[in-house]
Structure formats: structure tokens, C-alpha cells
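The values are calculated or read from the model by the stated rules, or taken from the named source; none is laboratory data. Predicted, not measured: the structure shown is a model, and the values here were computed from it. FYI the Cβ positions are ideal-geometry reconstructions off the backbone, even for glycines, and counts take in every protein chain you see.
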Amino acid sequence: MHKGEAGELIGQAREAWDAEEWLRAADLYERVLDHFPDEGPSAVWWYDAALAHKFLRNWAKAYELGREAAARSPRGEGDPAYWNLGIAATIQRDWATAREAWAGFGIELPQGEGEIMGSFGHACVRLDTGGEREVVWIERLCPTRGRVVNVPVTGGRRYGEIVVHDGEPKGERIVDGTTYPVFDELLLFEASELPTLEVTVAAGEADDLRALLELFGEHGYGAEPASSVRLLCACCSEGTHQQERSLPAGAQTVSLAAPEEDARQLLARWAEGATAGRSWSGLAVLG
């Protein structure tokens, strides 16, 4: 292949990119890279080819091409080639490459080898399963993984599961003056064994409901009152929202994440923890 032909193919690749024809764009870039892997702009071509496969959720190819892109990119300067490689390597569970990619991006990681289990603060992730979309809170374990700490209302999703999320925030949530990014989910990385249950509780005061949530949390389980769930359209979901957890007194539905027998015992303990004003009924397993 001569450089004139390569230039034509790169032009076609960019046209395909603009048309969001990701597979065609990647194929055209790869045809050129087979002959010119180290030309001046080749790092950009490797990156775009890898990114196209990321959009296609072809993680094996995103990983393969991402390694080539990162090898030709400057370290420690926040180059996105390292970020996308970090995501792909994480999904491939190549922890050595993932660690190298995050370091190349400029992120300081916990010392050690193998799976990254750090403490990167809290964020939100927009789950997407079968067309349903729900924003949940996560504890970030690494730059691209987080453990869900809400009890999702979306069927098939569970408290405690670990998800992989994208790197570009799509919205914000503000709590007590602190702003948290909202990321889009890329995939479910590790399922949770905790079933989702639903119960009706009556709380005499807001502190009674707060005590229930804290009791389940102390045992590593989840509890989510219906009053904390807000329904937003897709467009609004990607905006900036003030968020407060509402804990009103009275009767309401609470979603729980716990084994059924443990849930019954904790609910009984909670109800017995006050002289009046606490009760529960209708515990049911949802999935």
C-alpha cells in the first residue's frame, strides 16, 4: 500500500466515523495500520480504531488495539488512550495491564498486584438493562468499577453488584453541596447474591426509618425507602440535580437487599426497638 492509498482510506475512515459506522471505520483504520503502524499520526489511528470497538462493546478488540494506542501515547499527561485501555483491560481482567494503563494516565493506585480494590469515593451510575434506565449510587473500587450501594428498583439488578462504567460523566448529582458525577454503565462485572425484597413499614418518626436503614447497613445489607426514588425522563436524568434522601414518617414501601430470613429477623429487631410507632408487614421476595 502506498501513502496515497493510505490517505484515501483514512479519509473514508473519518467519513464512516462521522456517520457512526464504527465497524467500517475501525476496519479502514486497521487496513492502514497493517502497513503504517508507526507513522506520525498512527497513535491517533490506533486510538480511534480501539474507540470504535469500545462503542461496539467488542472488548477483546478494544483491548488489543488499545494496547497499541497506549504504547504510542505520552505517559502521565491524561491521554485518553490509557483510560480506554484501562477500561478494556479491566473487562478482560488483565489487572497488570489495567494497573499500567491507569498509571500511564496519571492516576495513583493502591500498592499491590492483581485486582484493584481501592477507595475512590462515591459516584452515580446510570444502569441500562433491557431499555430500563436507573441512576444508582456506587462506591468506586477503581477508576472504572463500582459497587452498587442502592437497592435498584430495575428488575434483575441487585444491591452489592459490581459494574463497569464509562469515563465521561453524563450528568451530576449534588448532595449537601458536594457534586458527584453520573456515569453510564458499560456492563455488569460481578453479580450480587443478595435477593431483592419489598416490605411495607410504618415509622412513627423519621428517626425510626433512619434506624431501619442503619440496621440493615450495619449487617452489610441494603434498605431503600420508596420516598428516596425520583422518576426522571432520559433527558432530565443527564442534567444536574440536587438530591436529598427523604425519610418521612408514616407507612411506605421499602426495598431490601438481604436473605429473606435475615430480613425478617432484622425487621423484628427494628420493630421491637421502640415502644410504639414501628411495624412492618407484607415482606415479599421480588428477585
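Taking the residues in segment 1-36 that are modelled with pLDDT of 95 or more and assigned to a loop (DSSP other than H, G, I, E, B) as candidates, determine which candidate is farthest from N58 (Cα to Cα). Per the stated criteria, the residue is A19. Tallying residues that are in contact with a Phe, Trp or Tyr (Cβ under 8 Å, 6 or more places away or on another chain), touching a residue at least 40 places away in the same chain (Cβ under 8 Å) and either outside any strand (DSSP E or B) or surrounded by fewer than 10 Cβ atoms within 10 Å (Cβ to Cβ) (or both) within segment 269-287 yields 1.
Which residue is farthest from L187 (Cα to Cα), if the candidates are limited to segment 88-115 and must be touching a helix residue (DSSP H, G or I) at 6+ places or on another chain (Cβ under 7 Å) and of a type in the set (G, A, S)? Looking at the filtered set, the residue picked out is G104.
Only one entry of L85, L56 meets the criterion of being within 21 Å of L187 (Cβ to Cβ), surrounded by 18 or more Cβ atoms within 10 Å (Cβ to Cβ), in the same structural domain as L9 (by TED's automatic domain parsing) and under 21 Å from the mean Cα position of the chain (by Cα), and that entry is L85.
It is to be established whether one or more residues within segment 37-44 are surrounded by 18 or more Cβ atoms within 10 Å (Cβ to Cβ) and within 18 Å of A6 (Cα to Cα). Give the derivation first.
Taking segment 37-44 as the starting set, the residues that turn out to be surrounded by 18 or more Cβ atoms within 10 Å (Cβ to Cβ) are 43.
Still in the list and also within 18 Å of A6 (Cα to Cα): 43.
Yes, segment 37-44 has at least one match.
Filtered by the rule that a residue be loosely packed, with under 15 Cβ neighbours inside 10 Å, under 24 Å from the mean Cα position of the chain (by Cα) and of a type in the set (A, V, I, L, M), segment 195-228 gives a lone residue, A226.
Would you check if there is a residue in segment 100-118 being closer than 17 Å to K170 by Cα, touching a residue at least 24 places away in the same chain (Cβ under 8 Å) and either among the aliphatic types (A, V, I, L, M) or surrounded by 12 or more Cβ atoms within 10 Å (Cβ to Cβ) (or both)?
Taking segment 100-118 as the starting set, the residues that turn out to be closer than 17 Å to K170 by Cα are none.
Looking for residues that are closer than 17 Å to K170 by Cα, touching a residue at least 24 places away in the same chain (Cβ under 8 Å) and either among the aliphatic types (A, V, I, L, M) or surrounded by 12 or more Cβ atoms within 10 Å (Cβ to Cβ) (or both), one finds none in segment 100-118, hence no.
Taking the stated definitions as given, is R72 of a type in the set (D, E, K, R), surrounded by fewer than 21 Cβ atoms within 10 Å (Cβ to Cβ) and either outside the structural domain of T97 (by TED's automatic domain parsing) or touching a Phe, Trp or Tyr at 6+ places or on another chain (Cβ under 8 Å) (or both)? Walk me through how you get there before you give the answer.
Values: of a type in the set (D, E, K, R): yes; surrounded by fewer than 21 Cβ atoms within 10 Å (Cβ to Cβ): yes; either outside the structural domain of T97 (by TED's automatic domain parsing) or touching a Phe, Trp or Tyr at 6+ places or on another chain (Cβ under 8 Å) (or both): yes.
Judged against the criteria, R72 is a match.
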